[in-house]
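Reviewing the structure listed below.
Rule-based calculations on the coordinates, nothing more; no lab input. Bear in mind the structure is a predicted one, so any value in this text is a computation, not a measurement. Reconstructed Cβ throughout: ideal geometry from the backbone, glycine too, with neighbour counts over all protein chains shown.
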Amino acid sequence: MSEFINGLRAIVGDRHAVTRKDALKRFTEELRGRYQSDCMGVVFPGSTEEVSRVIRFCAAHGMAMVPQGGNTGAMGGTVSTPEQLIVNLQRLDRIVEVDRVNQTMTVQAGCILANIQEAAKDAGLLFPLSLGAQGSCQIGGNIATNAGGINVLQYGNTRDLVLGIEVVLADGRVWQGLNRLRKNNTGYDLRHLFIGSEGTLGIITAAVLKLFPYPGGRIVSLIGVETVSAALELMVSMKSASSDRLTSFELMSQRSVETAVTHMAQQRNPFDRFYPWYILAVVDSTEPDPQLRSRIETALEQAWTDSIVRDAVIAESESQSARLMLLREDIVEAQKFLGGSIKHDVAVPISCVPDFMDSAYRAIRDYMPEAIPYPYGHLGDGNLHFNITQPPNMDREVFLGHWKTINTLVHDIAHHYHGSFSAEHGIGITKLDEMEKYKSETELDLLRDIKSLFDPHGILNPGKVIR
Ligand code: 2HG
Ligand code: ZN
């Protein structure tokens, strides 16, 4: 083994191939603590050329690799075994070019998402991908997992934000697909195979990202409603009042807001009582637009008159906007104060969300009456984190032992509404069973054929996405 490591060191330099157990922890610790992960070492290539040489070297030795960015994924996509090598892209952290006229940015895969957002902002532009882990996740990982976040409603998933990619293939060849064109209709679009492939088809080393005008005007509101159906009525009227400029339309349950207000020091009840559901709505415009603001106010007043809305606040300042937005972040963090939680990331057609919610609440009540649904999510995309927190008197581990059964209840209901068992977080190793259960044999055959075409010896992130 030491001969193997020495071979890697000859490629990347002594300091950039690590095997010390204490130094590996950060790369093998898994976000949700559900899986044991270990590896034979972590290698940090410093260029596309080095990634290519590492892959060739591993291929020659039959060594399986787990590509890794910021290690912030939720589905165990970067979990490794003691025989596998983690290939971490963090040294490829250069913003290569910002093209203000083309409105694109070319970046290396290891760039931290927040740094990309900053670089775009410095050029008066926006890179709209925005999610909780943005301070540490890397764009290569975002692309490999087709990350979602809170701005998908207006700008789409990562898939919609990537014009081109550079990928190192399983045999070490480099596919230079750094396309900067807005239109390029030349046969199969390979880029889309790699986006969302979770490192199973190749290692993404660079990308061309789409940028947008920076929204200098932002109207953030927090709204209390009685039902999810009312929230959807409100969405329709806010879309129209804002001329379809809704950037986020996020749903939070009473339980989640109450928990954040109780446990997070910086949170206060935004209204003088709690409501069954809350919406955080964000409307963006290039410049501050008083007319747009007054149209939003009128829409909210009308919704209040029509008994769709029970209460609403529109932020008066940037700091108030930030405070309202922090509530959405804090409800995720606050879950842990209720003990263990079993997570979901489903999507259903937006009009089916109320029925999905009713059925899912009923199924949980029937299965484990004391368990506490803690749903929230991206209502504007029909993507719900229908999370369940443990009954207060149950042992945490006993509760988490029901993970699979509770997942099945919720995923079956999403499936019934022609939904998805993974709308945002991908597959990793967490959702392998669901792939087999809910996808057709035809689709699974095609997916397996693609995997064996790109990675015939199964050395790229084996055992992830598809068995
Ligand atoms: C979010 O929407 C993230 O905040 C995390 O996708 C969701 O872990 C979760 O439940
Ligand atoms: Zn989410």
Practice prompt. Quickly rank 198-211, 434-447 as a protection proxy: mean count of other C-beta atoms within 10 Å, highest first.
Written response: 198-211, 434-447
Item to complete: Report P(r) for the stretch 340-396: all Cα-Cα distances, bin width 10 Å, range 0 to the bin holding the largest distance, values in whole percent.
Response: 24, 52, 21, 3
Fill in: Rg/Rg_globular for the stretch 1-155, with Rg_globular taken as 2.2 N^0.38 Å and Rg from C-alpha atoms
1.11
Worksheet item: By what distance, in whole Å, do the Cα atoms of the stretch 190-281 stretch along each of the three principal axes, largest value first?
Response: 52, 35, 28
Practice prompt. Could you name the lysines whose alpha carbon sits less than 25 Å from that of LYS343, not counting residues in the same chain fewer than 8 places away?
Written response: LYS25, LYS404, LYS431, LYS437, LYS439, LYS464
Worksheet item: Under the Karplus relation 6.51 cos²θ - 1.76 cosθ + 1.60, θ = phi - 60°, what is the ordered set of whole-Hz ³J(HN,Hα) values for the stretch 327-333, x standing for Gly and Pro?
Response: 4, 5, 5, 5, 5, 5, 4
Worksheet, complete the sentence: Within the stretch 207-222, the residues whose backbone N lies under 11 Å from a label point placed 7 Å from the Cα of THR286 along the Cα-to-Cβ direction are 213-216
Worksheet entry | Partner lysines for LYS183 [C-alpha distance under 26 Å; skip if fewer than 8 residues away on the same chain] | LYS121, LYS210
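At a 10 angstrom cut-off on C-beta neighbours, averaged per residue, how do the peptides 182-195, 108-121 rank from highest to lowest?
Working: 182-195: 12.9, 108-121: 20.1.
The most tightly packed comes first, giving 108-121, 182-195.
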Worksheet, complete the sentence: Expressed as a whole-number percentage, the relative contact order of the chain with C-alpha contacts under 8 angstrom and at least six residues apart is 15
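First obtain the Kirkwood hydrodynamic radius of the stretch 70-183 from its Cα pairs, then insert it into the Stokes-Einstein equation at 37 °C and 0.692 mPa s, and state the resulting D in µm² per second as a whole number. Spell out each step's value before the answer.
Working: Rh = 15.0 Å.
In µm²/s, the coefficient rounds to 218.
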Worksheet, complete the sentence: Cα gyration tensor of the stretch 413-457 diagonalised, 5x eigenvalues square-rooted, in angstrom largest first, produces semi-axes 22, 13, 8
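Step by step: find N for the stretch 314-467, compute 2.2 N^0.38 Å, then divide the Cα radius of gyration by it. What's the final number? Present the calculation step by step, with values, prior to reporting the outcome.
Values: Rg = 18.1 Å, N = 154, 2.2 N^0.38 = 14.9 Å.
In units of the globular-protein estimate, the stretch 314-467 measures up at 1.22.
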Discussion item. Please report Rg (one decimal) and Dmax (integer) in Å for the Cα set of the stretch 217-351.
Written reply: 14.9, 46
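Can you give the direction-averaged projected area of the convex hull of the alpha-carbon atoms in the stretch 383-467, in nm²? Walk me through the intermediate numbers first.
Working: hull surface 27.4 nm².
Quarter of the Cα hull surface area: 6.8 nm².
Could you tell me what fraction of 2.2 N^0.38 Å the Cα radius of gyration of the stretch 279-381 comes to, as a two-decimal ratio?
On the way: Rg = 17.2 Å, N = 103, 2.2 N^0.38 = 12.8 Å.
Compactness ratio reported: 1.35.
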Practice prompt. Search the structure for amide H atoms under 5 Å from the amide H of ILE165, placed 1.01 Å from N in the peptide plane, and list their residues when 5 or more places away or on another chain.
Written response: GLY177, LEU178, ASN179, VAL208
Fill in: Model label zone, ASN102; criterion: amide N under 15 Å from point 7 Å along Cα-to-beta-carbon; scope the stretch 196-238
206-212
Worksheet item: How much space per residue, in cubic angstrom, does the convex hull of the C-alpha atoms of the chain take up?
Response: 152
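Would you please put 49-61, 72-84, 14-26 in order of how densely packed they are, using the mean number of other Cβ atoms within 10 angstrom per residue and starting with the highest? Can you show the working numbers first?
Numbers: 49-61: 19.4, 72-84: 21.5, 14-26: 12.9.
Ranked from most to least packed, the peptides come out as 72-84, 49-61, 14-26.
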